[in-house]
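Novice: The structure's right below; bear with me while I get my questions together.
Where a number appears in this text, it was derived from the coordinates with a stated rule and is not lab data. None of these values were measured; they are calculated from a predicted model. As a convention, Cβ positions derive from the backbone with ideal geometry for all residues, glycine included, and neighbour counts pool all protein chains shown.
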Amino acid sequence: MLTFLPLVAEEVTKLFLMYRHGARTTLYPNPRDQDYFYCDTKTLISITGANNYVASVFDVMNPQLGNCSLGEIIHAGYVQLENLALYMKQKYPSFESDLQTAYLRASFIDRSLASLKAFLDMFNSTNYDIHVADDGLDSMQINSCGYYDKYVDYVLQDEESHKFDAQLNNLKKILNYTDAEPFEWYMARDEFESRLFLQMPLPAGVTREMYEMTEEMSNTQMKLEYCNGDSEKLTKFLKIHSGLLINDELIKHLNSNEKLIVYSGHSESVVPLVKIISNDYDCKNAEFAAFVEIKIINDHGIEYTEAEYNGKQVILNACGQKRCTKTDFEAHLLKYALNDAERNEMCNGPL
C-alpha cells in the first residue's frame, strides 16, 4: 500500500511594502487667495531616549482653522493608509499577528511618519519602534546631487515637456509664486488634489482645463525621466535615487529574520524602485498612497520573489517573468546598489 505525504504548500515568508505618503495639506502654509487656511491634522513628534524610536501623536479627525505644518497629511490621507493596511491584512492575515521582528521605516518628514502611524493604527495598533533617518542623510530622499540636476534638465529639454510652458507660467502667477521660486507641474497637481480632498475650491483663476493639464504634464515629466530611451543615463539616475537604500537596507533585510518590512516614503522612493524591479511601470506620477509590494515565497523549499505595483503583479526584470528565484532577484538589485563613496562620485560625475 502506497502512502502519499501531502506536499508543503507555498508560503509567503517575507513581505516588503513601500508606499507614498497619503494626501497632504496644501503645499504652502497660507493660500494667498483667502484669509484663512484649512488644516485637519496636528502633529506632535517627541523623540524618546530609545534609538530610532519616534512617539507620534496625531489629531486628524477634527478639522480646525489656523496655521499648521507644511505638508502634513489630512484626514483623507490618513484614510488612504488605513485602507492600504486593511488591504494588506486581508491579503496576508498571518503578518498582522507576527510583527515582533517587523522593520518599520519612515523618512524624516512629518507626512511620512503620519502615514506610517495611519497604516499601523489599522494593521496592528501595538506600539513599535519606527526607524527614521536624519534630515540630509535619508536614503529614501534625494539630497544634493549634481548628476540628478543635470539629468532632469537634460530629459526636460524634450519639446513635449514645454508645450504648455505659457500655461505653467500662468499657474505660477495665479498661485503667487515669485520668479525665483521653483515651480513644476507635479507641485501644481499635488496642490490641487490636496485642495479637493480638503473640499477647498481651486484657486481663483484656475479652470477645470488647467487642473486636468496638471495631471497630463506631471505624467509627461515622469515619462521623460523614467521611460526614456537613454538606458545608460537612466541607469545612473536610478542608482542615484535608490542605490543607497538597496545597499544599506533592502539587501540586508532580504536576508534578515524580519518577516514584514515597511517603508513609508515619497514618490521619489516608490517610483525608482518600481522601475528598477520591473518595466511594467506605467510611466505616471505616483498617486497619494501608491505602493509596491515585494514578497518572498517558499515553494517546496525553494525561495522565489514576486512583486506588485498598486495591487497588480508585474514582470520582474531579474528574469523576465512574474516569478524569479530570490537569488536572481537579489543579484539584479545588487546591480543598482551604491555605497556613499560610489554615489558621491556618480553625483559629481559627467552626464
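Novice: Can you list the residues of the range 316-351 with backbone N under 19 Å from a point 7 Å past the Cα of residue 252, pointing along Cα to Cβ?
Specialist: Under cut-off, by backbone N: 330-331, 333-344.
Novice: Tell me, what ³J(HN,Hα) does each residue in the range 170-182 have, in order and in whole Hz, if you take phi through Karplus 6.51 cos²θ - 1.76 cosθ + 1.60 with θ = phi - 60° and put x for Gly and Pro?
Specialist: 5, 4, 4, 5, 4, 8, 6, 7, 7, 4, 7, 7, x
Novice: On to the next question. Want the number for residue 209 to residue 166: 0.36 nm per residue separation, take away the alpha-carbon distance, what's left?
Specialist: That pair, residue 209 and residue 166, stretches by 14.1 nm at full extension.
Novice: Counting other C-beta atoms within 10 Å, which of 323, 24, 195 has the fewest, and how do the rest follow?
Specialist: In increasing order of surrounding Cβ atoms, one gets 323, 195, 24.
Novice: Can you pull the Kirkwood radius for the range 237-295, inverse mean 1/r over Cα pairs, to one decimal in Å?
Specialist: Over the range 237-295, the inverse of the mean reciprocal pair distance is 12.4 Å.
Novice: Something else about it: What do the square roots of 5 times the Cα gyration tensor eigenvalues come to for the range 196-296, in whole Å, largest first, as semi-axes of the equivalent ellipsoid?
Specialist: Square roots of five times the eigenvalues give 31, 19, 10 Å.
Novice: What's the Kirkwood radius of the range 232-351 in Å, using all Cα pairs?
Specialist: 15.0 Å
Novice: Taking θ = phi - 60°, what integer Hz values does the Karplus form 6.51 cos²θ - 1.76 cosθ + 1.60 yield along the range 210-220, in sequence order, with x for Gly and Pro?
Specialist: 4, 4, 5, 5, 5, 5, 4, 7, 5, 5, 4
Novice: Also: In sequence order, what are the phi-derived ³J(HN,Hα) couplings for the range 138-154 according to the Karplus relation 6.51 cos²θ - 1.76 cosθ + 1.60 with θ = phi - 60°, rounded to whole Hz, with x for glycine and proline?
Specialist: Those phi angles translate into 9, 6, 8, 10, 7, 9, 3, 7, x, 4, 4, 4, 5, 5, 4, 4, 5 Hz.
Novice: Ok, one more. What is the set of long-range amide H partners of residue 279 at a cut-off below 5 Å, with H atoms built 1.01 Å from backbone N?
Specialist: Those qualifying (amide H under 5 Å, at least 5 residues apart or on another chain) are 317.
Novice: State the percent of C-alpha pairs, over all pairs in the range 125-271, separated by a distance greater than 17 angstrom.
Specialist: 70 percent
Novice: Would you kindly give the portion of the calculated P(r) for the range 273-322 that falls above 12 Å, as a percent of all Cα pairs?
Specialist: I get 63 percent for the Cα pairs in the range 273-322 exceeding 12 Å.
Novice: Compute the distance from the alpha-carbon center of the range 302-351 to that of the range 80-94, in whole Å.
Specialist: Cα centres, the range 302-351 to the range 80-94: 25 Å.
Novice: Now a separate question. Can you compute the charge dipole magnitude of the range 77-232 about its Cα centre, using +1 on each Lys and Arg Cβ and -1 on each Asp and Glu Cβ, nothing else charged? Give it in debye, rounded to the nearest 20.
Specialist: Using Cβ point charges on Lys, Arg, Asp and Glu, the range 77-232 gives about 580 debye.
Novice: Show me 83-92, 171-180, 304-313 ranked by packing, highest mean number of other Cβ atoms within 10 Å first.
Specialist: 304-313, 83-92, 171-180
Novice: Quick one: 126, 327, fewest Cβ neighbours within 10 Å first, how do they rank?
Specialist: Ranked by crowding around the Cβ, least crowded first: 126, 327.
Novice: For each of 300, 332, count neighbouring Cβ atoms within 10 Å of the residue's Cβ, then give the residues from fewest to most.
Specialist: 300, 332
Novice: What is the pair-distance distribution P(r) of the range 120-183, computed from all Cα-Cα distances in 5 Å bins starting at 0, with each bin given as a whole percent?
Specialist: The percentages, shortest bin first, are 4, 11, 11, 13, 14, 14, 9, 9, 10, 4, 0.
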